[in-house]
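The values are calculated or read from the model by the stated rules, or taken from the named source; none is laboratory data. Only a predicted model underlies this, so the values are computations on that prediction, with no experimental measurement involved. Using ideal geometry, Cβ is built from the backbone for each residue, glycine included, and neighbour counts are taken over all protein chains shown. Only protein heavy atoms, including side chains, enter the accessible area calculation; ligands, DNA and RNA are left aside. Shrake-Rupley method; radii C 1.70, N 1.55, O 1.52, S 1.80 Å.
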Amino acid sequence: MDSISLIITYYNEEKNIIRTLKKVFSQSLLPKELILINSGSTDKSKKLINNFLKTKKNKNINIYNFSLDTNLPSTSKNMGVQVANYK
């Protein structure tokens with residue numbers, strides 16, 4: 001099976017983002033790389049993600065949490081595609 005990169009963009013998702021990440025990590029086939037991109041959130045999303053990810057470093061997944069000063073989802077997705085190492 002090919003390795004994949006999973007790109008998740010977020011903007012003010014503090015109420016939902018941990019549930020989303022738990023769903024990702026509960027899958028039987030995990031991505032090789034998880035790229036999270038903050039699209040200029042003004043809430044605690046980034047902090048919540050960083051705290052959650054501290055417990056997931058041992059899953060053999062390369063995890064990145066980038067921040068952009070934009071609230072345009074397309075800009076964030078494009079950055080994710082540019083930095084991704086896998087399909």
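Results, tabulated for the structure shown:
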item	result
In segment 1-58, the residues that are open to solvent by 70 Å² or more (accessible area, probe 1.4 Å), acidic (Asp, Glu) and free of Cβ contacts under 8 Å to residues at least 40 places away in the same chain	14
Selection from segment 41-61 of residues that are within 15 Å of the chain's Cα centre (by Cα) and either modelled with pLDDT of 90 or more or part of a helix (DSSP H, G or I) (or both)	41, 44, 45, 46, 47, 48, 49, 50, 51, 52, 53
Subset of segment 74-87 [touching a residue at least 60 places away in the same chain (Cβ under 8 Å) and within 13 Å of the chain's Cα centre (by Cα)]	76, 77, 80, 81, 84
Residue check for residue 21: within 24 Å of residue 75 (Cβ to Cβ), in contact with a helix residue (DSSP H, G or I) (Cβ under 6 Å, 6 or more places away or on another chain) and of a type outside the set (Phe, Trp, Tyr)	yes
Yes/no for residue 77 being under 24 Å from residue 29 (Cα atoms), basic (Lys, Arg) and part of a loop (DSSP other than H, G, I, E, B)	no
Residue tally, condition under 16 Å from residue 60 (Cα atoms), hydrophobic (A, V, I, L, M, F, W, C) and not in a loop (DSSP other than H, G, I, E, B), over segment 1-21	2
Residue count, segment 1-45 (criterion: among the small types (Gly, Ala, Ser) and under 19 Å from residue 68 (Cβ atoms))	5
Of the criteria (1) β-branched (Val, Ile, Thr); (2) part of a loop (DSSP other than H, G, I, E, B); (3) modelled with pLDDT of 90 or more, which one residue 24 fails	(2)
